[in-house]
Amino acid sequence: MHIAFLTPEYPHEKVTNAAGIGTSVKNLAVALAKTGVKVTVFVYGQKTQEIIKENTIDIHLIKSKKYKLFGWYFYRKYVENYCNSIISKEKIDLIESPDWTGITAFMNFKIPLAIRFHGSDTYFCHLENRKQKQKNFWFEKLAINKAKGFIAPTKFAGEISVELFKIKNKEIKTIHYGLDLQNFENENPKEFEKNCLLYIGTLIRKKGVLELPEIFKKVKKDFPDAKLILIGGDSYDLKTGSKSTWELMKDLFKEDLNSVDYLGKIPYSEVQNYIKKANVCVFPTFAETLGMVTIESMAMQKAVVNSNIGWAQELIIDQESGFLVHPSDHEIYADRIIQLLQNDFLCQEIGKKARERVEAEFDINILVNENIGFYKKIVNQNKV
């Protein structure tokens, strides 16, 4: 079998961007390749046009193009034509794409298209109770209509997406994102920087980062030496029009700002060192489909205080493999962090259970077989 992925991001030094979608695609691509499945990755919106061979995986960088009019249409057709040429040449069986921006709207592939619900603009607008541009919904709906089947990383994300796009009579399968657990080992979980909190992710309102200053303020009352490390790119804020969410956060931190260390984007290879260093990891997000950084932190035996919304209840068993709290419940959120900072044994026990949870639910070497089974079903249905 030969599977292709069409994606806007992928972890590689020559790729412009790599975040949650890219990480999950690469984890699956590598696992598929290990089973003998041939994998091709098409990464659109890039600075260069080239083909990179990484072990047995072919990565095609598709350069961005500008058009005087209707660029949203003509670039899609350019990507479609490029992919179809490789599909024919390499005898690819199925292509998978994310739902975000409806990139496959207007595209017609020679093989079945599967869409994974990484999180569409429609989905995020719904969770944030934010008005969506009609054009964005239109693109995503057109893309959805062309797909032969769908994969959701959580049951919650799948059910919401099905409802929003009114999907009927198509194959929908819940398969979690997975990790290659041998790459997420923490040999010394008892060693960490006391009272160090860690957040990883884009600084953007939907990730709940604007809740962190008030939560951190309450933690500091009990732990004056507490420190907060933030890792991730800065972002524009839709609600206020601010070019920088970090600037908004700085104003909210006030006198606690000197205990906050914002590192911006750092190489993915360095992030694990900060996870190991953390006493507690915090992810107070309002909008997610699963949350790769949450399960990565859990895999490294860290106590996590996470959002309790929908998808998160499929990741963590509250008070066993982590804590689940609504991001706007600042008092309770801070109390959970304080509870962990006060008790190293509790941190270690929750971290141990977190690792066990990831081993049971998010091992890519197990989940890869579910993906293969889904792909085969869609391909075989298309032959009938």
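Each value in this text was obtained by applying a stated rule to the coordinates, not by laboratory testing. Just so we're clear, the structure is a prediction, and the values are computed from it rather than from any experiment. Reconstructed Cβ throughout: ideal geometry from the backbone, glycine too, with neighbour counts over all protein chains shown.
Observations on the structure shown:
- The DSSP beta bridges internal to the chain are antiparallel in roughly 10% of cases.
- The helix-only estimate of mean residue ellipticity at 222 nm for the chain, built from DSSP H runs of length n ≥ 4 each weighted as -39500 (n - 2.57), is -13000 deg cm²/dmol after division by the residue total.
- Compactness of the chain is given as radius of gyration and Dmax, 21.0, 66 Å, from Cα positions.
- Ranked Thr240, Thr40, Thr104, Thr174, criterion: other C-beta atoms within 10 Å, fewest first: Thr240, Thr174, Thr40, Thr104
- Take the Cα of Thr202, step 7 Å toward its Cβ, do the same at Glu128, and the gap between the two points is 0.8 nm.
- Range of Cα positions in the range 181-361 per principal axis (Å), largest first: 43, 33, 30
- Each residue, Lys53 and Lys14, gets one label point 7 Å from its Cα in the Cβ direction; the gap between the two is 1.2 nm.
- Scoring 370-378, 112-120 by mean Cβ neighbours within 10 Å over their residues and listing the highest first yields 112-120, 370-378.
- FRET efficiency, 1/(1 + (r/R0)^6) with R0 30 Å, evaluated for Asn136 and Lys66 via beta carbons: 0.90
- Environment charge of Glu54, counting only residues whose C-beta is closer than 14 Å and scoring Lys/Arg +1, Asp/Glu -1: +2
- Global form of the range 69-142, assessed from the alpha-carbon gyration tensor, a/c cut-off 1.5: oblate
- Principal-axis tilt of helix 134-146 within the chain, Cα atoms, nearest 10 degrees: 60 degrees
- Rounded to the nearest 10 degrees, the angle from helix 344-361 to the longest Cα principal axis of the chain is 10 degrees.
- Seen against the Cα atoms of the chain and their longest principal axis, helix 212-222 is set at about 30 degrees.
- Label-point separation in nm, Lys217 to Asn188, each point 7 Å along Cα→Cβ: 3.7 nm
- Residues of the range 259-286 falling in the label zone of Lys250, defined by backbone nitrogen less than 20 Å from a point 7 Å along Cα to beta-carbon, are 259-266.
- His2-Ile172 FRET efficiency (beta carbon distance; Förster radius 22 Å; 0.05 resolution): 0.40
- Principal semi-axes in Å for the range 306-380 [√(5λ), Cα gyration tensor, largest first]: 33, 16, 6
- In terms of distances greater than 26 angstrom between alpha carbons, the cross-link table entries Lys133/Lys217; Lys155/Lys376; Lys66/Lys133; Lys220/Lys243; Lys38/Lys207; Lys34/Lys190 yield Lys133/Lys217; Lys220/Lys243; Lys38/Lys207; Lys34/Lys190.
- Spatial offset of the range 4-54 relative to the range 180-203 amounts to 25 Å, using the alpha carbon center of each.
- For Thr35 and Lys155, a Förster radius of 30 Å and the Cβ-Cβ distance give a FRET efficiency of 0.75, rounded to the nearest 0.05.
- Set of aspartates and glutamates near Lys377 by C-alpha distance (under 15 Å), chain-local residues within fewer than 8 positions excluded: Asp93, Glu96, Glu171
- Cβ-to-Cβ counts within 10 Å put His126, His60 in ascending order as His126, His60, the fewest first.
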